[in-house]
Amino acid sequence: MPPRNKRNITAEDLYKFELISHVRMSPDGKHVIYVVQRVDQKNEKKYSNLWVVPTDGGTPHQFTQGEQSDNHPCWSPDGTMIAFLSNRGNKEKPAQIYLLPFQGGEARPLTDIKGEIHGFSWSPEGKQLVCSVRKTDQDVLDREQDETRKKLGTVARHYDRVFYKLDGYGYLPKERTHLWLVNARTGRAQQITDHPVYDEQNPTWSPDGKTIAFTSNRSPDPDFDPDNVGLFTIQIDSKEITELSTTPGEKALPSYSPDGKWIAFYGQDGKNRWYKNRELWVIPTDGSEPAHSITKEHDLHIDSVSINDLGQPEIMPPTWSLDSKTLYFPIVLHGSSVLKSISITGGDIKTMVDEKPSQTQGSVLGSFSFDASQKQLAYFQAKLEDPGQVFTLNLSNSKSRQLTHLNLRLLNSLDLGNVETHWIQGPDGNDLQGWIMKPPGFDPSERYPSILEIHGGPLTQYGYIFFHEFYFLAAQGYIVHFCNPRGGRGYGEKHAGAIWRDWGSADYRDLMAWTDYVEKQSYIDRDRMGVTGGSYGGYMTVWIIGHTDRYKAAVTQRCVSNLISMWGSSDFNWSFEYEIGNKPPWVSFENYWRQSPMKHIGKAKTPTLVIHSEQDLRCAIEQGEQVYVALKKLGVETELVRFPDEPQAEEQQVR
């Protein structure tokens, strides 16, 4: 029986959770500003506002009001002003930058840019902001001024580039993303880069405010060389652009050292091998030597993401110590995400925030920021039993303090059961980590039905973060179990690369070994074991029913089933061929078919529910339709559920 005054979690509880993001410490270290997102159950829309909490342990208070989206708060260098993005002016148009005095007053719009502002930051002296902007297509602006055309809406889309859509966004505009400067007093905006093909992203200021570093893919056709990202600088006065010498590969989030001598950034070593670790690199700003990785020898992957259904933690740029000798950065490790520090020479690596606050379970760290003196650190931390709170760390004594207790009343009213971490030896002598979630009121003398959950990606991880779906299924009386098979993150580059160009191999063997282990638990009913997963997890679910009938039922969600028809129909388009064999299907047909679950669907006997979103641009709905029709043709019990207006990335949508 549930503990007194506690109840099981329900589907409707998903509406009640408020979620924290964008945690930022004030320069004087006295306050932390952050975003709280909520859902209006009546209209199923998401709203967000800014909140502030004093670091001495005082009560949090709401800083902005209203049913709009206020996001991306950013303190001015002197701490007197908050800049943030908001759609409060017109909810049908892209958000603009607003300014709000910290000591009180009304928020005023700073910008009126006809386009999407993707991010911004203050100049060191606080007089300007740099932002990345994708202007609204002129055709769209013209249509808005013509009532007849406005009523007709979009009647056709005409493209001449390969990447033209994105799941969760829709069909891409023709405009590219470029850098703009905004006067912090007048709001006057000036575009400083422009090109019909190139995008400029991740802008960051030099300490003297004279230069901006950014990333850009300047290949002849970036769509056919997507990982060839370079690191560039632009002089504010002359607008002269210089490329720095870096290894080809993905790059993101550059950051200048306080002394102005170095730029740190995240990147992979080489192109077209996505399983490789995202590493921390440094390069001298004077170009005297090429960039080099300072984390390569440690086999760490830089990220903050752990799969969940409430929202992904924010990944922060590398942050420098005041003396320019140390860097702070997040990694994913064994289901946790952890804040690390490392010297600029690549040694003396340390853990900054304890990833096991409960002593037995890990945690997931998201956004973090220091005060100006770097005596305090503010950060977001989530756990299995908590979607996330704001904490501070005193760097002089390493003591942490929890500043928020959001969702406390709701969480205290719920019996979530119990979650155990298990490590087993995999089928090839590999270490395999997994979790077993037991339902509320668990009785070890009884036998329970079970559900194996398989994560998407595959280059991600399950971990120590709240997952509403899992708790809801456990509340229905299921044992919910999940693991991180080879092909994912958090266990080194070899683990991540184990299924590169060989899907359905080591990953399948690991999932079967994990199921073997769970099946042997005395409380498992072997005749009532189920399996489910989404995206790549949907792929594995269909792969599984084509290779074994050990599961009583299966649910495949937003699946990949046919890698041949997936090529070119996904928003990732042709580039999936990197993962499958580095050749298009007309050159390597058998290789694509070998790794496609549809090749093996004829052996399926397991009753299967197929769930797919009609606006899924990552794994087109035809992938799920093929599975459904094939199972019907085979006489296997099956049903299809379609969500008309949803993409694959459901948690990113307004409803």
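Derivation of every value follows stated rules applied to the coordinates shown; laboratory data play no part. Owing to the predicted nature of the structure, the values given are computational and were not obtained by experimental measurement. Here the Cβ positions follow ideal geometry from the backbone for every residue, glycine too, while neighbour counts run over all protein chains shown.
Mind checking which aspartates and glutamates have their C-alpha under 20 Å from LYS399, skipping anything on the same chain fewer than 8 residues away? Within the straight-line cut-off, LYS399 pairs with ASP28, ASP56, ASP354, GLU355, ASP371.
Each of the peptides 497-503, 106-112 was scored by the mean count of other Cβ atoms within 10 Å over its residues; in descending order, highest first, they stand as 497-503, 106-112. Only aspartates and glutamates eight or more places from LYS150 in sequence, or on another chain, were considered; those with a Cα closer than 16 Å are GLU92, ASP137, ASP139, ASP142.
Look at the alpha carbon pairs under 8 Å that are at least 6 residues apart: their mean separation over the length of the stretch 417-652 gives a relative contact order of 16 percent. Taking a 20 Å limit on the Cα-Cα distance, which of the listed pairs LYS46/LYS93; LYS210/LYS325; LYS276/LYS494 fall beyond it? Long pairs (Cα-Cα over 20 Å): LYS210/LYS325. In a DSSP loop and with at most 13 other Cβ atoms within 10 Å, the GluC sites (Glu not before Pro) in the stretch 581-655 are GLU614, GLU637. Legend: residue pairs LYS91/LYS174; LYS45/LYS165; LYS239/LYS261, Cα-Cα distance threshold 28 Å; every pair lies within threshold.
The H on the amide N of GLY115, modeled in the peptide plane, is under 5 Å from the matching H of THR136, each at least 5 residues off or on a different chain. Taking the average, over residues, of other Cβ atoms within 10 Å as the packing measure, peptides 254-260, 156-162 rank 254-260, 156-162 from highest down.
The distance linking the stretch 389-440 with the stretch 178-244 is 40 Å (Cα centroid to Cα centroid, whole angstrom). Per residue, the average separation of C-alpha pairs within less than 8 Å and at least 6 apart gives the stretch 435-565 a relative contact order of 29 percent. The alpha carbons of the chain occupy a box of 70, 59, 56 Å along the principal axes, longest dimension given first. Highest mean first, the peptides 298-311, 121-134 sorted by other C-beta atoms within 10 Å per residue fall in the order 298-311, 121-134. Residue-normalised convex hull volume from the C-alpha trace of the stretch 8-86: 101 Å³ per residue. Kirkwood hydrodynamic radius of the stretch 429-491, from the reciprocal of the average inverse Cα-Cα distance over all distinct pairs: 12.7 Å. Straight-line reach from LYS520: taking Cα to Cα under 25 Å and skipping same-chain neighbours fewer than 8 places apart, the lysines in range are LYS438, LYS552, LYS605. The alpha carbons of the stretch 254-297 occupy a box of 34, 18, 18 Å along the principal axes, longest dimension given first.
For the stretch 468-568, the alpha carbon positions stretch 41, 30, 28 Å along the principal axes, listed from largest to smallest. Relative to the globular-protein estimate of 2.2 N^0.38 Å, the Cα radius of gyration of the stretch 528-603 stands at 1.15.
Entry note: the stretch 417-652 has Rg to Rh equal to 0.95, where both radii use alpha-carbon atoms and Rh is the Kirkwood radius. Close amide H pairs (under 5 Å, H built 1.01 Å from N) link GLN128 with SER123, ALA184, residues at least 5 positions away or on another chain. Measuring between their Cα centroids, the stretch 560-611 and the stretch 329-384 lie 38 Å from each other.
What are the GluC sites (Glu not before Pro) within the stretch 155-262 that DSSP puts in a loop, where the Cβ has at most 10 other Cβ atoms within 10 Å?
Working: sites: GLU175, GLU200, GLU240, GLU243, GLU250; in loops: GLU175, GLU200, GLU240, GLU250.
Here the sparse-neighbourhood loop sites are GLU240.
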